[in-house]
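Let me begin by presenting the structure, written as structure tokens, before commenting on it.
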Amino acid sequence: MKKAIALILIFSIVFSGLLPLKVHGETVSEENLEKIVLKVKELFSISNEYDNFVSRVNSYEDVVNYDLSWSDSKEILPSININVDSEGNIIAYNKYLNEVLEPESKLPNLSKDEALDNALKFLEKVDSKVYKEIELKDSSSPRTKWDRYYNFSFIRKINDVPYNSNSVNISVDMNTGDVSNIYINWERKTPFPTKDNIISLDNAKEVYKDEIGLKLVYKQKNRARIMDTGKIGDEYFLVYSTLGEPKGIDAITGKSISLSYYYPYMDEKQSREDSVTDSGGAPIITPEERQQIDKLKGLQTVEEAEKEGRTILDLDEAYKLRANNLYSSWDNQDEFFYSLSFIKKLEDKEQYADISLNAKTLELKSFSKSYEIDYEAKPAITKEEALTLAKDFIKKINPDKVDKIELIELYNRNEEDQQYYGFSFVRKVDDIYVETDSIYIGVDAVNKVVNSYNINWFKGEFPAKENIISLDKAYDSLFNKIGFNLNYHDIYRTDIIENQSNREIRLIYSVNQDKITNIDAYTGELLDYSGNLYKDKTTPNYNDIDNSYAKEKIITLGEYGVGFNSEKFSPKDTIKQKDFLYLLWQSLNPYRALPETDIDVVYKELTRQNLIKTGEENRERALTKEEAVKFVIRAMNYEKIAELTNIYADIFSDGENIDSNLKGYMTLAYGLKIINGDGSQDIKPKYELKREDAASIIYNYMFK
């Protein structure tokens, strides 16, 4: 017992003379730590048999936290880590088993609902106050067969108003039902405003329309270049969306308010082209390769680019060229750029200047120059004067684009009396904004100079804007399909005095941040970042499988992200090759989502992985049992074993009907219980599978 008490009093931080330590107004002492240790040991039923215990103290602003860790040198008991504040509120709990037993089944012992019940009971025991103010977030995303835990996320709700900044995350072991992790992010001191005297939801919607509003925007598809052709295809899609920093409507004042805090960083897209040679015979330059090679005609030399760069940046000879790089444009495939970096070494410092120029025309793409920062210096110009400086620079460098851009506040909090101002001018094409095309100007307000510049400008064609829906219909989609509701939100103020927190909690009406504000300008449907129809990451809910023998297997596959994007599974229909391979691809790619319309990607990837061989592609053909088995055995990496000849016995009465090249595949699949006979020793290799049969085969391969 004396040993146990001594362990409790171990500190990783040694207090001078063992006297209480004041940390931001809170007292840290042996007595406080001992009280907390005893509390958490009782709360989590931590045994006295642990022979290793470590505690640490951390503080931030006026909050003191203790990190407590128990471990067993014999590695019999699980390791336990707990983070708790000075008032005994649990922040985090983690339990790690020293030996993880392999479960007998690949499927969980507990259902998701049973695990959720365990999680809620555990949370209620840990913190009953937190338990009373949580709401489960949608957690119906597919899981993978490698998952060992159910993960549940909750958000806080105060008087039915959500506060997304506070959350609880709990992990429950799928096989034992034990809670292995819990993390509670909870505000316990900052006051929450009441709903008294707030404007109505309808009024907030009207203010949103007037002060923030939807705009027609061309958005670039979030899709990687098709590397084997170098072609991009349709680059942009047209939507009703928002521009600039996220904003909401203050429910008290009825005014728009910024919801952002952090500034974005400037990034420059760069890519490299892969070189290709013909593997058949002597290498030749194909017409396609010649087309790409000819793009390099007319490039200026590095020396010419350096000369132009020095002129634009007004660099003296003390600046030395330290690096140069030629890169191709991601947006405009025929364009190439020189990126030049200069350095000037002084006695006590170094100065830098970087510039990017069009490699053919030497047109300026971007530049930045380092400058000395004196935090005590006062700006020599106002915000308006800085803006005039930025506009004059654009007139000088891009006179043909002056009338094609509009100033947009893109996360730039350009208050008055700043040392630096950043201005973003977004491109407009026929009154439609091009989200990714812009000119950015950075102005040093102390030295009254432009010290950074960047331009992105797509030179291809944009989608037509004929037959688009009205703005009113777009707002219907925004409010009804995306959502616009009252919530608590962290607002960060800039008009605060030193040593005061700049964060306060306000009631805000805002668009649902869990969905993308991409409203198809032609249909009013929601689109994802690639311009495809947006779908929530939920498991399928088929309405036609009640009479299928494979109902439970179809449901389970859906829970693991394997299924079709529709309300119907059509279990009795014959399955086509493309549909079976789509299911197989999903089983191999649990962390990726791909719509059925992207079947070309499925075939390309499965062909590259050698799961589909030359001459086997026949997308619309009905799939036979032996063909399905062939693809599955390859997916399991058993192809070499299946193709061993003269080692497989004739175990099927209709074995002569099996393709001679697939005998090993069928025998293996039968032995692994991926397929079954019909009860009469027949295996029926030429049988055209129904969709429910295909689901059964995929299920058996994944979980048996």
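The values are calculated or read from the model by the stated rules, or taken from the named source; none is laboratory data. All values reported here derive from a predicted model rather than from experimental measurement. Because the Cβ atoms are built from the backbone with ideal geometry, glycine has one as well, and the counts that use them run over all protein chains shown. With ligands, DNA and RNA removed, areas are computed over all heavy atoms of the protein, side chains included. Shrake-Rupley method; radii C 1.70, N 1.55, O 1.52, S 1.80 Å.
Condition check ((1) closer than 27 Å to VAL562 by Cβ; (2) at pLDDT below 95; (3) within 40 Å of the chain's Cα centre (by Cα); (4) in a helix (DSSP H, G or I)) across all residues:
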{"residue": "GLU620", "(1), (2), (3), (4)": "yes, no, yes, no"}
{"residue": "GLU626", "(1), (2), (3), (4)": "yes, no, yes, yes"}
{"residue": "TYR648", "(1), (2), (3), (4)": "no, yes, no, no"}
{"residue": "GLU656", "(1), (2), (3), (4)": "no, yes, no, yes"}
{"residue": "GLY677", "(1), (2), (3), (4)": "yes, yes, no, no"}
{"residue": "ALA694", "(1), (2), (3), (4)": "yes, no, yes, yes"}
{"residue": "ILE698", "(1), (2), (3), (4)": "yes, no, yes, yes"}
Go through the range 510-541 and count every residue that is of a type outside the set (S, T, N, Q), surrounded by fewer than 20 Cβ atoms within 10 Å (Cβ to Cβ) and in a loop (DSSP other than H, G, I, E, B).
12
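Which residue, of SER111, SER69, SER73, SER79, is open to solvent by 70 Å² or more (accessible area, probe 1.4 Å) and of a type outside the set (D, E, K, R)?
Working: SER111 fails: open to solvent by 70 Å² or more (accessible area, probe 1.4 Å); SER69 fails: open to solvent by 70 Å² or more (accessible area, probe 1.4 Å); SER79 fails: open to solvent by 70 Å² or more (accessible area, probe 1.4 Å).
After applying the criteria, what remains is SER73.
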Contact list, first residue from the range 33-53 and outside any helix (DSSP H, G or I), second anywhere and aromatic (Phe, Trp, Tyr) and surrounded by 12 or more Cβ atoms within 10 Å (Cβ to Cβ), beta-carbon distance below 9 Å, six or more apart or interchain, is PHE44/TYR93; ILE46/TRP70; SER47/TRP70; TYR50/TRP70; ASN52/TRP70; PHE53/TRP70
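Going through GLY298, GLY309 one at a time, which residue ends up being over 33 Å from the mean Cα position of the chain (by Cα) and part of a loop (DSSP other than H, G, I, E, B)?
Values: GLY309 fails: part of a loop (DSSP other than H, G, I, E, B).
After applying the criteria, what remains is GLY298.
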Collect the residues in the range 67-105 that are farther than 24 Å from VAL130 by Cα, in contact (Cβ under 8 Å) with a residue 60 or more places away in the chain and among the basic types (Lys, Arg), keeping them in residue-number order.
none
Looking only at the range 415-446, how many residues end up being loosely packed, with under 15 Cβ neighbours inside 10 Å and either in contact with a Phe, Trp or Tyr (Cβ under 6 Å, 6 or more places away or on another chain) or basic (Lys, Arg) (or both)?
0
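Of the residues in the range 332-364, how many are assigned to a strand (DSSP E or B) and open to solvent by 30 Å² or more (accessible area, probe 1.4 Å)? Write out each step before concluding.
First, the residues of the range 332-364 that are assigned to a strand (DSSP E or B): 336-345, 350-358, 364.
Narrowing further to those that are open to solvent by 30 Å² or more (accessible area, probe 1.4 Å): 339, 344-345, 350-352, 354.
The total comes to 7.
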Just the residues that are open to solvent by less than 80 Å² (accessible area, probe 1.4 Å), among the basic types (Lys, Arg) and free of Cβ contacts under 8 Å to residues at least 12 places away in the same chain, please, taken from the range 603-628.
LYS613
Is it the case that LYS396 is exposed (fewer than 15 other Cβ atoms within 10 Å of the Cβ) and either within 14 Å of ASN454 (Cβ to Cβ) or free of Cβ contacts under 8 Å to residues at least 12 places away in the same chain (or both)?
yes
Could you grab the pairs with beta carbons closer than 7 Å, sequence gap of 6+ or different chains, first residue in the range 554-569 and in a helix (DSSP H, G or I), second one at pLDDT below 90?
GLY558/THR539; GLY558/PRO540; GLU559/PRO142; GLU559/ARG143; GLU559/THR539
Are any of the residues in the range 365-376 at pLDDT below 90, of a type in the set (Val, Ile, Thr) and exposed (fewer than 14 other Cβ atoms within 10 Å of the Cβ)?
yes
Condition set farther than 25 Å from PHE484 by Cβ and assigned to a strand (DSSP E or B), scope the range 125-168, selection most open to solvent (accessible area, probe 1.4 Å): answer is ASN151
